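Report on one structure; see the data block that follows.
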Amino acid sequence: MEDATDSTHGCGNPSDPEGDRCSDNDFGPSVLGTKDYWEDAYQKELETFKDIGDVGEIWFGEESMSRVLRWMDKAKIPENAAILDIGTGNGAFLVELAKHGYRNLTGIDYSAASIELVRNVLQAEDLTEVTVKEMDFLNCQGELMDFDVCIDKGTYDAISLNPHDTEKGKKLYVQALKDALKDKGFFAITSCNWTKEQLLDRFREGFEFVQALPTPSFQFGGKTGNNVTALIFKRVH
């Protein structure tokens, strides 16, 4: 396990302790929001995994996964719950969920290299019953539905950094999430670009705020802030 400080690799703008980050457009576009960037990144990680068996970086660090798993335990999410990992990346969270006993797992990513990497990782871990799909969450055409839990660890952040049609992408994300979740299904999001208040505003329609998960804090100028925000929502109709 990492120590208490989360990795914020790729984060566009950590939460501001001054509390003035009210705008929904207060950081610029980035290559981190492009498919080409991620395709290249996961192709390199795939080659590294094939060479030396290293799965690559865990987005936000291992503690970010443990935090959500602890919440799932407390919320008594059943082992047969249908769980979707949105933007699964290298599949590290799918592996941890499977090792934790969850049996109905699906991971999606729009990067073909990511999905090939995940399949290699799952095979190495002998977790062949986990479903993985090359799919753009923003254009899934209703293929994703009836999930009990959807998990996002950085994908909404990346969509928010897309240089093209950013606002449209964020709206498509919310709609896709509504379609994917069952009524009263849970959504767990971890973000390093958005504050709690901003995420509450973005997911105010169709979702009920459940709780904020504790994340490491820092102090600056007498103010306290967080580099990472982790929230739980419930789908409501």
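The values are calculated or read from the model by the stated rules, or taken from the named source; none is laboratory data. Everything numeric here is computed off the predicted structure, so don't read it as measured data. When we count neighbours, we look across all protein chains shown, and the Cβ atoms used for this are built from the backbone with ideal geometry, even at glycine. Remember, those area values only see protein heavy atoms, side chains included, never the ligands or the DNA or RNA. Shrake-Rupley method; radii C 1.70, N 1.55, O 1.52, S 1.80 Å.
I'd like to check which helices (runs of 4 or more DSSP H) are fully inside segment 81-173 and have at least 1 residues that are touching a His at 6+ places or on another chain (Cβ under 6 Å).
Helices (runs of 4 or more DSSP H) meeting the threshold: none at all.
Of the conditions (1) in a helix (DSSP H, G or I); (2) in contact with a Lys or Arg (Cβ under 6 Å, 6 or more places away or on another chain), Thr190 clears all except one; give me its number.
(1)
Return the only residue of Lys153, Lys184 being at pLDDT below 95 and among the charged types (D, E, K, R).
Lys153
When you look at Gly154, is it open to solvent by less than 40 Å² (accessible area, probe 1.4 Å) and at positive phi, yes or no?
yes
Assess whether Val118 counts as being within 25 Å of Glu96 (Cα to Cα), out of contact with any helix residue (DSSP H, G or I) (no Cβ under 6 Å at 6 or more places or on another chain) and of a type in the set (A, V, I, L, M, F, W, C).
So Val118 fits the description; yes.
Within segment 163-221, track down each residue that is of a type in the set (Lys, Arg), open to solvent by less than 60 Å² (accessible area, probe 1.4 Å) and closer than 17 Å to Lys153 by Cα.
Lys170, Arg202 - these are the residues of segment 163-221 that are of a type in the set (Lys, Arg), open to solvent by less than 60 Å² (accessible area, probe 1.4 Å) and closer than 17 Å to Lys153 by Cα.
So, His100, is that one at pLDDT 95 or above, touching a helix residue (DSSP H, G or I) at 6+ places or on another chain (Cβ under 9 Å) and open to solvent by 30 Å² or more (accessible area, probe 1.4 Å) or not?
Taking the combined requirement at face value, the residue satisfies it.
Any residue at all in segment 43-53 that's closer than 29 Å to Gly169 by Cβ, without any contact (Cβ under 8 Å) to a residue 40 or more places away in the chain, basic (Lys, Arg) and out of contact with any strand residue (DSSP E or B) (no Cβ under 6 Å at 6 or more places or on another chain)?
Yes, segment 43-53 contains at least one residue that is closer than 29 Å to Gly169 by Cβ, without any contact (Cβ under 8 Å) to a residue 40 or more places away in the chain, basic (Lys, Arg) and out of contact with any strand residue (DSSP E or B) (no Cβ under 6 Å at 6 or more places or on another chain).
Test each condition in (1) outside any loop (DSSP other than H, G, I, E, B); (2) modelled with pLDDT under 95; (3) aromatic (Phe, Trp, Tyr) for Phe209 and report the one that comes out false.
Phe209 satisfies all of (1) outside any loop (DSSP other than H, G, I, E, B); (2) modelled with pLDDT under 95; (3) aromatic (Phe, Trp, Tyr) except (2).
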